[in-house]
Amino acid sequence: MSVVPVLTYHHVAPDRDITPETLEKHLLWLKGQGYRTLRVSDLERHADGTKPASEKSLVLTFDDAYADAWVYAHPLLKKHGMTAVLFIPTAFPTMSSLKRLTSEDGGSISDTRTLERGLDGFLSWGEIKAMASSGVWELGSHTLSHRSFHPETPYGRMDDELVVSRQVIESRTGHPCPAFAWPWGQVVPEWAVCLGKCGYRVAFASEAGLNETGTDPLRLGRFMVRQTAVSWLKRMLLPGASGPAGKSRPTVRTAKR
């Protein structure tokens, strides 16, 4: 039975652990091993059993809509013919339609740590639209608020976090938003049952787990990429390597309305 791992990146920048050079090494290794990236629709069909994915299929995701996804990750994915899903907390992108230069065109970001919580640290809607229009990226909601980056902060209203966030993405970009990822991997159970009705086709509930055929498409697992070495990817992905022990259950949180 084939499984589809999902890898999650956040920052890709020269001043981060995952540098552009690191990401390129990862992509080159994946290509060399014969991996291909799936679209959201492919992942849904694999999970629900309609069309199981072939071996060495995977999905790449990038969370939080940081500006470096456009400047550094976008040209590398395009260069190596891979696709990814961008998960957007819709309160954070700037309203600008302007697009910064990517690294391919000489653009750079010298300090993502100082900028991280400022407006310049996030993508503009113009950049997000360009990313989706390129065919490299699909779009997903990461809620409206991301709970202000504090795990102990309660979510807002379900309609805002699940429904409005998706509507904002689609209206600002003209592209569909079929995917959802819970911030911090923490699931609000009374909301989770509404994801399908809110228009989502796949959703990610935890930060660890392989996705077999027969997995609920609205409760998929992901692996957070925190290590730079290609050997980590090998342990996670290659059959017979000392990879992940298996699925871990997501943390459950009760909504505070």
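For the reader, a short list of remarks on this structure follows.
- Tally of residues being outside any helix (DSSP H, G or I), touching a residue at least 60 places away in the same chain (Cβ under 8 Å), surrounded by 15 or more Cβ atoms within 10 Å (Cβ to Cβ) and within 15 Å of the chain's Cα centre (by Cα) across the range 19-53: 0
- All of Glu170, Glu190, Glu138, Glu161 fail the test of being part of a helix (DSSP H, G or I) and touching a residue at least 60 places away in the same chain (Cβ under 8 Å), apart from Glu190.
- Phe62 more than 22 Å from Arg45 (Cβ to Cβ) and at pLDDT below 95: no
- Filter pass, Trp184 being under 14 Å from the mean Cα position of the chain (by Cα) and assigned to a helix (DSSP H, G or I): yes
- In the set Cys194, Cys177, only one residue is farther than 26 Å from Met131 by Cα, of a type outside the set (Gly, Ala, Ser) and at pLDDT 95 or above; that residue is Cys194.
- Residue within the range 106-123 that is surrounded by 21 or more Cβ atoms within 10 Å (Cβ to Cβ), in a helix (DSSP H, G or I) and small (Gly, Ala, Ser) present: yes
The values are calculated or read from the model by the stated rules, or taken from the named source; none is laboratory data. Predicted model, so just to flag it, every value in this text is computed and none were measured. When we count neighbours, we look across all protein chains shown, and the Cβ atoms used for this are built from the backbone with ideal geometry, even at glycine.
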